[in-house]
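Engineer: My questions will all concern the structure given below.
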Amino acid sequence: MKEKIEKIIATALAQTFRTVSPQQLEELKKKTVVEESRRVSQGDYSTNLPLLLAQTAGSSPLAWGEKIKAEIEKEDKQTLFEQVVIAHPGFINFFLSPSVLTTAVKDVLKEKEHYGDSNEGADKQIQIEFVSANPTGPLTLGNGRGGFYGDSLANIFDSGGYAVVREYYVNDVGEQVRQLGHSLIGDEQAVYKGDYIGTIRERLGTAIKKDSPETIGVKGAEIIIEEIIKPTLERMQINFNNFFSEKSLYKNQAVDKTIDYLREQGLVYKQAGAVWFQSTRFGDDKDRVLIRADKEKTYFASDIAYLKNKLERGFDKIIYIWGADHHGYIKRMQAAAQALGCSQEEVENKIKIIIVQLIDFLQDGKKFRMSKRKGTYVTLSELLDEVPLDVARFFFLERGPDSHLVFDIALAKEKSEKNPVYYVQYAHARIAGILEKAQAQKLACQPESITLEHPAALQLAKLLIQLPDLLKKTREDYQLQRLTEYSKQLAAQFHRFYRDCRIIGEEKKLAQSRLALAQATAVVLKKTLNLMGIEAPEKM
RNA sequence: GCCCUCAUAGUUCAAUGGAUAGAACACGGGCCUUCUAAGCCUGUAAUCCAGGUUCGAAUCCUGGUGAGGGCACCA
């Protein structure tokens, strides 16, 4: 919808404003905002264009408004708008024609679960790497946040027509694996604590006595991945396309080859026995070690090899989802990307690193920072024992990635009945109930002859048409909390419609129209919930 | 010390530089002979502080204050 309006505005702008250079025109178009109006009195959509024009070319915003309005009305050949109104201090408000809304309801019913999908990414491949928790213990709430976030983001790109690869990078080699080995042995170098250590120790049996810490660590990591992490991911209903092993990058010499490559580029030097990468050449704060004096390669070295691998696989977009404790890594990864041949622009647009803030949790009135090493953490599977998956997903997705959230465990359990996810699901179940009843009475909706007359019905239809714009926007700015907000709005508006507009028992044509709207609402609600990985129940 | 986030009702969160800052929970009133009251209506209540940019700032800039995170030949 917004696109259609933008197009009309762009044409109107070009007609009105001929004296200006093409660059300025582009500039104006870029700055022009079309948004859903916040208030009914301000129409359905509005734009700030007159204000911008006054800024660029002088004269009063309202005068510009009049000129643009005239052009818009000429240009609006499909009569999208019932009314176009200039408003102080310089907005144009658009009131949609009822026919736009009835058409939208028909579209929803026709496209069903594909409503809101787009083909913008039809020939594009995108890779999202997320969770990637170290195989040294169970997944934590923090992993859950990143996991639900990444999974839903992937769904939204799916819906945009992209070929999406969901990948989990397994750090199955190196220092921490050795530390895991020591922890399993239980010697003085033990680091990880927690009940699972004892369980795995028993599983390994006599191997503990004879194998090296490294070998034990490798075995332990495998058990943790296969028997702790993967089952938890399954409970979370996250399906990765690929578990990418760090070890494999060593086996096929990818790490060595990457270091060689950097060396050929003249970006590597030796100092004090170690091999360094000149990341400062690309804006990093300091150079970084690739090979330590003791010949051990750093994680950064394999991270670069992994990035190289991703680039070679030809993805159009590469998304990393990291916890805030990794933010210090961004600069060096961007430096690495440039060293691997990405332009500045590619680093900005092609490689997206999303930082999800860490979670504190509240227990007995005290805040705790989670730490696997200290054993002070809540595992995701513990959470899922207490709280249904739908609630957990909604709870995490409700917050923007930048928000530092405090997870009150007691509250999450106690308030599960009041969780907004039930509110949204209830709206869906209510509709399902009506549809069932309607069917029993042989009342079927006739999408071809819908009329929407009641304000509550019109308002509901206006919300339905927002889904495509909302998904598109989210693919641009990654602000997933928009989906939970939208689902709550949609549910609320349906509940109002339900209050004001009866369906069963009304005059036939009216009943059919309203039934169509209710059914379309169910489709959109379900779509929105499913994108978040949440069920849309028929009964509650 | 340097760098990155964040700071909005009592609480947890929303809000592309736009018009009267939205919800939910909590607290106070109302609404079920009618398609699910897990609902609806309604009241109280907020942009950390000080400057600046702008026609317009919760949003951008500078400086404070407070919270979290990061600054190793660690992972």
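The values are calculated or read from the model by the stated rules, or taken from the named source; none is laboratory data. Source: prediction; values computed, not measured. Cβ atoms come from the backbone with ideal geometry, glycine included; neighbour counts cover every protein chain shown.
Engineer: Take the residues of the stretch A:81-108 that are of a type in the set (Gly, Ala, Ser) and touching a residue at least 40 places away in the same chain (Cβ under 8 Å): which is nearest to RNA strand B (Cβ to nearest atom)? It would help to see each step written out before you state the result.
Structural biologist: Taking the stretch A:81-108 as the starting set, the residues that turn out to be of a type in the set (Gly, Ala, Ser) are A:87, A:90, A:97, A:99, A:104.
This time we only want the ones that are touching a residue at least 40 places away in the same chain (Cβ under 8 Å), so: A:87, A:90, A:104.
Values: A:ALA87: 4, A:GLY90: 6, A:ALA104: 20 Å.
Taking the candidates together, the pick is A:ALA87.
Engineer: Mind checking which pairs have a first residue in the stretch A:379-405 that is not assigned by TED's automatic domain parsing to the domain that holds A:GLN479 and a second that is more than 11 Å from RNA strand B (Cβ to nearest atom) and among the β-branched types (Val, Ile, Thr), Cβ under 7 Å, 6 or more apart or different chains?
Structural biologist: A:THR379/A:THR140; A:LEU380/A:THR140; A:LEU380/A:THR232; A:SER381/A:THR232; A:ASP390/A:ILE534; A:ARG393/A:ILE534; A:PHE394/A:ILE534; A:PRO401/A:ILE354
Engineer: Identify, by number, the condition in (1) more than 15 Å from RNA strand B (Cβ to nearest atom); (2) under 36 Å from the mean Cα position of the chain (by Cα); (3) assigned to a helix (DSSP H, G or I); (4) closer than 28 Å to A:LEU184 by Cα that A:PHE243 doesn't meet.
Structural biologist: Of the numbered conditions (1) more than 15 Å from RNA strand B (Cβ to nearest atom); (2) under 36 Å from the mean Cα position of the chain (by Cα); (3) assigned to a helix (DSSP H, G or I); (4) closer than 28 Å to A:LEU184 by Cα, the odd one out for A:PHE243 is (3).
Engineer: Scan the stretch A:474-483 residue by residue and report those that are near RNA strand B (Cβ under 8 Å from one of its atoms) and in a helix (DSSP H, G or I). Break it down into steps so the answer makes sense when it comes.
Structural biologist: The initial filter retains those residues of the stretch A:474-483 that are near RNA strand B (Cβ under 8 Å from one of its atoms), namely A:477, A:479, A:481-482.
Listed by number, the residues that qualify are A:ASP477, A:GLN481, A:ARG482.
Engineer: Hey, can you tell me all the residues within the stretch A:280-300 that are in a helix (DSSP H, G or I) and either farther than 22 Å from A:ILE321 by Cβ or modelled with pLDDT under 90 (or both)? Can you show your working first?
Structural biologist: Just the residues of the stretch A:280-300 that are in a helix (DSSP H, G or I), to begin with: A:280-282, A:299-300.
Passing the criteria: A:THR280, A:ARG281, A:PHE282.
Engineer: Select from the stretch A:17-47 the residues that are charged (D, E, K, R) and surrounded by 14 or more Cβ atoms within 10 Å (Cβ to Cβ) and write down the one among them that is nearest to A:GLN466 (Cα to Cα).
Structural biologist: Taking the candidates together, the pick is A:GLU36.
Engineer: If you scan the stretch A:225-281, which residues turn out to be touching a residue at least 12 places away in the same chain (Cβ under 8 Å), among the small types (Gly, Ala, Ser) and surrounded by fewer than 15 Cβ atoms within 10 Å (Cβ to Cβ)?
Structural biologist: A:ALA272, A:GLY273, listed by residue number.
Engineer: Identify the single condition in (1) surrounded by 14 or more Cβ atoms within 10 Å (Cβ to Cβ); (2) touching an Asp or Glu at 6+ places or on another chain (Cβ under 9 Å) that A:ILE291 does not satisfy, given that it satisfies every other one.
Structural biologist: Every condition holds for A:ILE291 apart from (2).
Engineer: Another question, then. State which residue pairs qualify: first residue under 26 Å from A:TRP276 (Cβ atoms) and inside the stretch A:336-359, second residue more than 16 Å from RNA strand B (Cβ to nearest atom) and of a type in the set (Gly, Ala, Ser) in any location, beta carbons under 6 Å apart, and separation of 6 or more residues or different chains.
Structural biologist: Once the first residue is under 26 Å from A:TRP276 (Cβ atoms) and sits in the stretch A:336-359, its partners that are more than 16 Å from RNA strand B (Cβ to nearest atom) and of a type in the set (Gly, Ala, Ser) give A:VAL347/A:ALA337; A:ILE351/A:ALA337.
Engineer: May I pose another question? Name every residue in the stretch A:388-422 that is buried (at least 18 other Cβ atoms within 10 Å of the Cβ) and either away from RNA strand B (no atom under 13 Å from the Cβ) or part of a loop (DSSP other than H, G, I, E, B) (or both), in order of residue number.
Structural biologist: A:ALA392, A:ARG393, A:GLU398, A:ARG399, A:PRO401, A:ASN419
Engineer: When the stretch A:74-99 is examined, which residues are found to be out of contact with any helix residue (DSSP H, G or I) (no Cβ under 9 Å at 6 or more places or on another chain) and in a helix (DSSP H, G or I)?
Structural biologist: Hit for the stretch A:74-99 is A:SER99, nothing else.
Engineer: Quick one: A:ILE359 ticks every box in (1) surrounded by fewer than 17 Cβ atoms within 10 Å (Cβ to Cβ); (2) modelled with pLDDT under 90; (3) touching a strand residue (DSSP E or B) at 6+ places or on another chain (Cβ under 8 Å) except a single one, so which number is it?
Structural biologist: (1)
Engineer: In the stretch A:423-456, what count of residues is obtained for those that are near RNA strand B (Cβ under 8 Å from one of its atoms) and within 36 Å of the chain's Cα centre (by Cα)?
Structural biologist: Taking the stretch A:423-456 and keeping what is near RNA strand B (Cβ under 8 Å from one of its atoms), we get A:423, A:425-427, A:429-430, A:432-434, A:436-438.
Keeping just the survivors that are within 36 Å of the chain's Cα centre (by Cα) gives A:423, A:425-427, A:429-430, A:432-434, A:436.
Residues meeting the conditions: 10.
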